Amino acid sequence: MYEQEQGPLAGFTVGVTAARRADELGTLLRRRGAVVVHGPALRIVPLADDTELLAATKELIDHAPDVVVATTAIGFRGWVEAADGWGYGEELLDRLRGVELLARGPKVKGAVRAAGLTESWSPSSESMAEVLDRLLAEGVAGRRIALQLHGEPLPGFVEALTAGGAEVVGVPVYRWMPPEDIGPLDRLLDGVLAGGLDAVTFTSAPAAASLLSRAAEKGALAELLEALRHDVLALCVGPVTALPLQAHGIDTLQPQRFRLGPLVQLLCQELPARARSLPVAGHRIEIRGHAVLVDDLLRPVPPAGMALLATLARRPGWVVSRADLLRALPGAGRDEHAVETAMARLRTALGTPKLIQTVVKRGYRLALDPVADTKYGDG
């Protein structure tokens, strides 16, 4: 049965590396037609089990800081909730009411206000660089600054404050660690390497670093980098998230607003724009990751069929030999009958057999419409 509801991502497969909010992101992608492969690259240590957070909370209650920097909404809420669970909730809030409280962006500001507090300042850019600039402009020499850590690298942030004469107290609200079950991440990685994924999404820098690290452990880092540079789109929720990938020379796409919704919207623009669209045998076909749109009807195609179709589409209208098609088939060996079998299944999947013509004793060709011959005939 063919899918009746078409979305902009129908026919595409998207990898999700997120641990936090993976369900939300997956739902947004599926609603737009994507097949989602979830391989969490990280897990988060539960707050209540983190003895370092408890020690830092007691330290700040006993010795007030001059400034507190709240970096993430979930982290700030979790800190307050964990302190409350330990019996220090009111003391922590009282302490935070008496200090300069900086909130990185509107979501963090909302979490601060939900706790009954009022931020002293929040940058419109949601940039930690802007927070740092403000602190350095105020002067940090001799000041005690508490920084809510959030698992992601903050390049140069602590170093700049320390160089300016500040005492920086880290508040480790939650910590990223490798996933307990590495299986789903390995399946996502294998999908990228095998060409089964059209895009991979990243919502944190540690997740990107973890995927790269896992590929290195499996001896597949070079293959992963090649895939992400040429065949598989890497989408990051923001510039900090993209840093580990960019360090390896991978170009990433990022939405203008660093949110899941805009990330999915960007994907809905980029993937269909990269799909090959051709006029064939009186029909319009669009070749997507694991399916083909034939006159706007989605036709799922098995991997062997997609390999054949992609090979034919590289030079539409030209004859491709069985030997060349055989080389394109995954694990087909030397038997050219495998091409005939896969071709028959491809034609059935497409629902319109005349899209692909058999050229006796030569091979197969896409039946490109005559009006398109001059456009594509030069190969």
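The table below lists the values:
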| quantity | calculated |
| --- | --- |
| Which listed residue is touching a strand residue (DSSP E or B) at 6+ places or on another chain (Cβ under 8 Å), among the charged types (D, E, K, R) and either at pLDDT 95 or above or open to solvent by less than 20 Å² (accessible area, probe 1.4 Å) (or both), from Arg104, Arg113, Arg144 | Arg144 |
| Near pairs, Cβ below 9 angstrom, 6+ apart or cross-chain, from segment 131-148 (in a strand (DSSP E or B)) to any residue that is open to solvent by 80 Å² or more (accessible area, probe 1.4 Å) | Arg144/His63; Arg144/Glu167; Ile145/Glu167 |
| Residue check, Ala291 in contact with a Ser or Thr (Cβ under 6 Å, 6 or more places away or on another chain), closer than 18 Å to Asp231 by Cα and surrounded by 19 or more Cβ atoms within 10 Å (Cβ to Cβ) | no |
| Criterion (touching a Ser or Thr at 6+ places or on another chain (Cβ under 9 Å), modelled with pLDDT under 95 and not in a helix (DSSP H, G or I)) met by exactly one of Ala10, Ala19 | Ala19 |
| Single condition Ile61 does not satisfy, out of (1) modelled with pLDDT of 95 or more; (2) open to solvent by 10 Å² or more (accessible area, probe 1.4 Å); (3) in contact with a strand residue (DSSP E or B) (Cβ under 9 Å, 6 or more places away or on another chain) | (3) |
| Unmet requirement for Glu126, which otherwise passes all of (1) under 25 Å from Pro239 (Cβ atoms); (2) modelled with pLDDT under 95; (3) part of a helix (DSSP H, G or I) | (3) |
| Subset of segment 70-101 [of a type in the set (D, E, K, R), surrounded by 18 or more Cβ atoms within 10 Å (Cβ to Cβ) and modelled with pLDDT of 95 or more] | Arg95 |
| Matching residues in segment 22-45 - criterion: being touching a residue at least 24 places away in the same chain (Cβ under 8 Å) and assigned to a helix (DSSP H, G or I) | Glu24, Leu25, Leu28, Leu29, Arg31 |
| Residue match in segment 42-49 (condition: under 30 Å from Gly7 (Cβ atoms), in contact with a Gly (Cβ under 9 Å, 6 or more places away or on another chain) and surrounded by 17 or more Cβ atoms within 10 Å (Cβ to Cβ)) | yes |
| Helices (runs of 4 or more DSSP H) within segment 282-377 that include 1 or more residues closer than 28 Å to Gly191 by Cβ and out of contact with any Pro (no Cβ under 8 Å at 6 or more places or on another chain) | 303-314, 322-328, 337-350 |
| Restricting segment 199-219 to residues that are under 11 Å from the mean Cα position of the chain (by Cα) and part of a loop (DSSP other than H, G, I, E, B), the residue that is nearest to Val36 (Cα to Cα) | Thr203 |
| Condition broken by Leu228, with the remaining ones in (1) among the aliphatic types (A, V, I, L, M); (2) touching a Phe, Trp or Tyr at 6+ places or on another chain (Cβ under 7 Å); (3) without any contact (Cβ under 8 Å) to a residue 40 or more places away in the chain satisfied | (2) |
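One line per residue, one yes/no per condition, for (1) at pLDDT 95 or above; (2) assigned to a strand (DSSP E or B); (3) in contact with a helix residue (DSSP H, G or I) (Cβ under 9 Å, 6 or more places away or on another chain):
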position	(1), (2), (3)
Ala234	yes, yes, yes
Val240	no, no, yes
Leu243	no, no, yes
Asp251	no, no, yes
Pro255	no, no, yes
Phe258	no, no, yes
Pro262	no, no, no
Leu266	yes, no, no
Ala273	no, no, no
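The rows are residues; the columns are (1) among the aliphatic types (A, V, I, L, M); (2) over 30 Å from Lys354 (Cβ atoms); (3) in contact with a Pro (Cβ under 7 Å, 6 or more places away or on another chain); (4) open to solvent by 50 Å² or more (accessible area, probe 1.4 Å).
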{"site": "Ala207", "(1), (2), (3), (4)": "yes, yes, no, no"}
{"site": "Glu223", "(1), (2), (3), (4)": "no, yes, no, yes"}
{"site": "Val232", "(1), (2), (3), (4)": "yes, yes, no, no"}
{"site": "Gln256", "(1), (2), (3), (4)": "no, yes, yes, yes"}
{"site": "Gly261", "(1), (2), (3), (4)": "no, yes, no, no"}
{"site": "Ala273", "(1), (2), (3), (4)": "yes, no, no, yes"}
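The values are calculated or read from the model by the stated rules, or taken from the named source; none is laboratory data. A quick note: this is a predicted structure, and the numbers were derived from the prediction, not measured. When we count neighbours, we look across all protein chains shown, and the Cβ atoms used for this are built from the backbone with ideal geometry, even at glycine. Keep in mind that these areas ignore ligands, DNA and RNA; they rest on the heavy atoms of the full protein, side chains included. Shrake-Rupley method; radii C 1.70, N 1.55, O 1.52, S 1.80 Å.
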